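The values are calculated or read from the model by the stated rules, or taken from the named source; none is laboratory data. As the structure is a prediction and not an experimental result, all values here were calculated from the model. Here the Cβ is made from the backbone with ideal geometry for all residues, glycine too, and neighbour counts use every protein chain on show.
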Amino acid sequence: MKKFAVFALAAITALGAAAQKDVMKRIEEIGKNDNQSMELMKTLTGRFGGRPIGSNAYDNARDWAAAQLKDWGYDVKLEKAGELGVGFNRDHWEGRMYGDENEVLHFITPSYTVGTNGKAAGHVLAEPRTTQEFNNIKSRLKGAWVLVDGESGGWPLLHNDTIAAKRKAIIARNDSLAKINGRKSPDQIPDDQKPDMTTPGLFYDEMVDAGVLGFIQSAPVPLRGLYDRDVVKGNLDFNHLPAVPDIKLDEDQFARIKHYVKQRKNIILEFDIRNHFRMGPVPYHNVVATLKGSKKPDEYIIMGAHLDAYDVATGATDDGTGTVGLLEAARILSKAGAKPDRTIIFILFAGEEFGLLGSEAWVNQHPDLLPKISNMFNRDGAPFPYVAFAAPKSMTKEFEPVAESMRRAYPDFDFVIEEYTPRATPKKAGSHDGTTFQVKGIPQLNMNEWNDVHGHDFSYWEIWHTERDGMNRAIPEYQEQAATALALMLLQSANASKQFPRNEVYTDAPAK
Ligand SMILES: [Zn+2]
C-alpha cells in the first residue's frame with residue numbers, strides 16, 4: 001500500500017512535470033509566433049494616449065485593460081486607490097510668434113495647469129525683479145505674455161502661500177540691493193549683490209492681478225512636462241485652479257524672444273492651449289487581475305507595472321512597455337492554459353508618477369497578503385529585453401528551464417541565471433512601485449533589462465516624462481521578447497518548490 005502510494009505520487013509528479021513542460025513550450029510558441037505586444041501598445045498609446053490619473057484617458061485605459069484581462073479568463077477588480085479634487089484632460093495646443101519676426105513655437109504645459117480661452121495673443125515683457133521694475137511696466141502688464149527667469153525641469157510655477165512669502169523676502173532683498181547699486185551698469189555690480197534671478201515669478205500674484213495672459217519659461221529640449229503637485233496635496237479643486245497658463249518654451253526660442261524684447265522689437269505671441277478640467281472628486285483605481293493557484297492559492301507572485309503616464313506624449317515607454325508587458329504575459333499564460341501552483345496577481349498601478357500612490361494604497365489595503373508574497377516582479381525601467389535573472393541562491397537551478405526556453409525562442413538574445421547577492425532592506429520607497437514592496441521586506445527581484453542589446457540607440461533620458469515618449473520609441477522586438485520572458489518567469493516562480501527565501505534577498509531578514 002505504502003509502496004503503491006509512493007509510486008502514485010511519483011507518477012503524478014512526473015505527469016505534473018511533463019504538463020508543466022508542455023505549458024512552457026506553448027508559452028514559447030505563442031510568445032514567438034502570436035505576440036500581441038505592439039497591438040496592445042497601439043491601443044494604449046494611440047486610442048487612449050497620455051494618461052495621468054484624474055484624466056478620461058486614464059479611466060478609459062483602466063476599463064479597457066480590465067476588459068481584456070476579463071476576456072482572458074482572469075478574475076478582475078478595480079480597486080479604488082484614492083481620489084483627486086479635480087481631474088484634467090489635455091487637448092490640442094499650438095503657438096506662434098508674429099510681427100517683426102515669425103515663427104511656430106515649440107512648447108508644452110505641465111498637467112493640471114490651465115489653458116487659454118481660445119487664441120490668446122499679446123505683446124511680450126520680461127519679468128520684473130524689483131518693485132521699481134514692476135512699477136515701470138505696470139501699465140503694460142494687462143494682456144502681456146511674461147518671460148520668467150530660471151530653467152524649467154517640467155514643474156509648473158508655484159502659486160501657494162509658502163512660495164508667496166519666499167518671493168516677498170527675495171523682492172525685499174532685491175529692492176535694497178537696487179538702492180545701493182541702482183545707478184551702476186550690471187558689470188559694475190559684484191556678483192553677490194546682483195538681484196536674485198533664479199526664483200521665477202517674483203511678482204506672480206501682482207502680475208496675475210494686473211491681467212497678464214500667462215507665463216513663459218525656458219526649457220531644455222526634449223521638453224519635459226510634469227504636473228501641479230497641489231492636486232495630490234488636496235489644494236487644487238475646480239474652484240482653486242491656477243489663474244493663467246504656464247508655458248515651457250524651447251530654450252532656443254526663449255533666448256531669441258528675450259533678445260527681441262531687449263531690442264524692443266514689435267513681436268506678438270499667440271497661444272491656443274486646450275487644457276480642460278473635470279469636476280472632482282475624481283477617483284483613481286488600480287486594476288487587479290488574479291489567476292488563482294491550484295495548489296497553494298494563498299501564496300502569491302505579483303506582477304506590477306504602472307498604467308498612468310504623463311501626457312505631453314503618450315507614455316509608450318514610461319510605462320507603456322510595462323503595462324503592455326504585463327498584459328501580454330497575462331494573455332500568453334491564459335492562452336497556454338497555465339495552471340500555476342501559487343496565485344499570480346497582476347496589478348496595473350494608478351498614480352505612480354504622482355508619488356507611488358497606487359502601490360502604496362495596495363500594500364496598505366492588503367496587509368494580510370504581504371507575508372505570503374513570494375516575489376514581486378515590476379516592469380518600469382528601460383524598455384529593453386530581459387537577458388538575465390539573479391535568483392535567490394538556493395533556487396538558481398529552478399530557473400534554468402526559463403533560460404533554456406528563452407535562448408531557444410530568442411537565439412539572438414542571451415539569457416542567463418545568476419545568483420542574487422542579498423542587500424539590506426531599503427528604508428524608503430523611491431523611484432518605482434517595486435520599492436513600495438521592498439520597504440515591506442517583500443522580495444522584489446526583476447529580470448535584468450539594462451542593455452539596448454541590438455543597438456536601437458534608445459536613451460531613457462530622452463523619453464523620461466518628455467514630449468518624445470511615443471510609440472516610435474518602443475522597440476517591437478524587445479517588447480515581444482520581454483512579454484514572453486515574463487510569462488515564463490511568472491509561471492516558473494509560481495510553481496517553484498518554495499517561496500523566495502527572504503533572507504536570501506535581504507541581509508537583515510530573519511532566516512526562515
Ligand atoms: Zn515609470
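The single condition among (1) in contact with a His (Cβ under 7 Å, 6 or more places away or on another chain); (2) surrounded by fewer than 16 Cβ atoms within 10 Å (Cβ to Cβ); (3) of a type outside the set (A, V, I, L, M) that residue 89 does not meet is (2).
Residues in region 289-324 that are within 16 Å of the ligand (Cβ to nearest atom) and either part of a strand (DSSP E or B) or farther than 30 Å from residue 109 by Cα (or both): 303, 304, 305, 306.
Within region 126-152, if we keep just the residues that are touching an Asp or Glu at 6+ places or on another chain (Cβ under 6 Å) and crowded, with 20+ Cβ neighbours inside 10 Å, the residue that is farthest from residue 195 (Cα to Cα) turns out to be 146. Scanning region 90-126 for residues that are under 22 Å from residue 140 (Cβ atoms), in a strand (DSSP E or B) and in contact with a helix residue (DSSP H, G or I) (Cβ under 8 Å, 6 or more places away or on another chain) yields 97, 124, 125, 126.
Of the residues making up region 376-388, those that are part of a strand (DSSP E or B) and either within 19 Å of the chain's Cα centre (by Cα) or not assigned by TED's automatic domain parsing to the domain that holds residue 444 (or both) are 376, 377, 378.
Report yes if some residue within region 409-420 is out of contact with any Leu (no Cβ under 7 Å at 6 or more places or on another chain), more than 24 Å from residue 321 (Cβ to Cβ) and loosely packed, with under 14 Cβ neighbours inside 10 Å; otherwise report no. Yes, region 409-420 has at least one match.
Selection over region 302-340 of residues that are over 15 Å from residue 53 (Cβ atoms), β-branched (Val, Ile, Thr) and in contact with a strand residue (DSSP E or B) (Cβ under 8 Å, 6 or more places away or on another chain) gives a count of 2.
Table: residues versus (1) modelled with pLDDT of 95 or more; (2) assigned by TED's automatic domain parsing to the domain that holds residue 75; (3) among the β-branched types (Val, Ile, Thr); (4) not in a strand (DSSP E or B).
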site	(1), (2), (3), (4)
337	yes, yes, no, yes
344	yes, yes, yes, no
348	yes, yes, no, no
355	yes, yes, no, yes
359	yes, yes, no, yes
374	yes, yes, no, no
390	yes, yes, no, no
399	yes, yes, no, yes
404	yes, yes, no, yes
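Let me spell it out: the conditions are (1) more than 22 Å from residue 56 (Cβ to Cβ); (2) more than 23 Å from the chain's Cα centre (by Cα); (3) among the charged types (D, E, K, R), and residue 272 meets all of them except one. Which number is the exception? Here residue 272 meets the rest and fails (1). None of 256, 224, 264 is of a type in the set (Lys, Arg), within 16 Å of the ligand (Cβ to nearest atom) and modelled with pLDDT of 95 or more except 224. Would you confirm whether or not region 159-170 contains a residue that is under 30 Å from residue 118 (Cα atoms), at pLDDT below 95 and part of a loop (DSSP other than H, G, I, E, B)? The answer is yes; a qualifying residue exists.
Just one residue in the set 434, 441 is farther than 25 Å from residue 472 by Cβ, not in a loop (DSSP other than H, G, I, E, B) and not charged (D, E, K, R); that residue is 434. In region 232-247, the condition of being modelled with pLDDT of 95 or more, surrounded by 15 or more Cβ atoms within 10 Å (Cβ to Cβ) and closer than 16 Å to residue 151 by Cα is met by at least one residue. If the condition is being assigned to a loop (DSSP other than H, G, I, E, B) and either of a type in the set (Asp, Glu) or outside the structural domain of residue 320 (by TED's automatic domain parsing) (or both), then region 31-73 contributes only 34.
Checked against the criterion of being touching a helix residue (DSSP H, G or I) at 6+ places or on another chain (Cβ under 7 Å), of a type outside the set (Lys, Arg), in contact (Cβ under 8 Å) with a residue 60 or more places away in the chain and under 16 Å from residue 383 (Cβ atoms), region 492-512 has no qualifying residue. Condition test on residue 364, is it assigned by TED's automatic domain parsing to the domain that holds residue 462, within 16 Å of the ligand (Cβ to nearest atom) and polar (S, T, N, Q)? Answer is no for this residue.
Here is a yes/no grid of residues against (1) under 25 Å from residue 23 (Cβ atoms); (2) modelled with pLDDT under 95; (3) among the β-branched types (Val, Ile, Thr); (4) assigned to a helix (DSSP H, G or I):
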| site | (1), (2), (3), (4) |
| --- | --- |
| 472 | no, yes, no, yes |
| 479 | yes, no, no, yes |
| 482 | yes, no, no, yes |
| 487 | yes, no, no, yes |
| 510 | no, yes, no, no |
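Against the conditions (1) under 27 Å from residue 467 (Cβ atoms); (2) in contact with a helix residue (DSSP H, G or I) (Cβ under 9 Å, 6 or more places away or on another chain), residue 258 satisfies every one except (2).
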